[in-house]
Amino acid sequence: MYKKLIIFGIIFLLIDQLSKGLISLYIPLNESIKLTNFLSITYVHNIGAAFSILQGARWLFIILGIIALNIIYIFFIKDKKLTNFEIIIYALMLSGIIGNIIDRLLYGYVIDFIDITLFNFAIFNFADSFIVISVILLVVFKWKNI
């Protein structure tokens, strides 16, 4: 069970970190490439949290991320018999948290680049997506008891 969780977690983490590396390598900071009428790749540095709140609180986010990792492991994973669906959910969640912690540790900011221009939404990355998707799936899973 833990083997599957680790393998999927590494795959998701690699998707996140490789995408951020490629964006920072090939797109100039604060530049944007329009992909469709509603989606662009816009390379930005986020020194805050979602929607750039609490800017400059780097160490707070690192500490909160580490606390979240421990809480998720202790209360939801450790000594539990997880279904394959739950393994994917937790792999997404943990890799998303770890991906953004890595950015904060290495650079002092999170690399964001997915820009949904249709709604003038916040620019985000795969790690953010993984966290949001995993939380939604977990709520639905627990509510519907899939």
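The values are calculated or read from the model by the stated rules, or taken from the named source; none is laboratory data. Values in this document were obtained by computation on a predicted structure and should not be read as measured data. Glycine also receives a Cβ, built like all others from the backbone with ideal geometry; neighbour counts cover every protein chain displayed. Side chains are part of the model used for accessible areas, which takes the heavy atoms of the whole protein and leaves out ligands, DNA and RNA. Shrake-Rupley method; radii C 1.70, N 1.55, O 1.52, S 1.80 Å.
Data overview
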{"item": "Whether region 4-52 is rounded, prolate or oblate, judged on the alpha carbon gyration tensor where a/c under 1.5 counts as rounded", "result": "prolate"}
{"item": "Proportion of all alpha-carbon pairs of the chain beyond 22 Å (%)", "result": "42 percent"}
{"item": "Hz values of 3J(HN,Hα) by residue in region 26-31 - Karplus curve (6.51, -1.76, 1.60), Gly and Pro given as x", "result": "10, 10, x, 4, 6, 8"}
{"item": "Cα-based reach from LYS81 at 27 Å (exclusive), listing lysines while leaving out same-chain residues under 8 positions away", "result": "LYS3, LYS4, LYS142, LYS144"}
{"item": "Computed over region 26-99, Kirkwood Rh from alpha-carbon pairs, angstrom", "result": "15.1 Å"}
{"item": "Accessible surface ranking that places the most exposed of LYS78, LYS3, LYS20 first, with a 1.4 angstrom probe", "result": "LYS3, LYS78, LYS20"}
{"item": "Proximal aspartates and glutamates relative to LYS34, as straight alpha-carbon distance under 14 Å, when same-chain residues fewer than 8 apart are discounted", "result": "ASP115"}
{"item": "Virtual spin-label span in nm between VAL140 and SER24, 7 Å along Cα→Cβ", "result": "3.2 nm"}
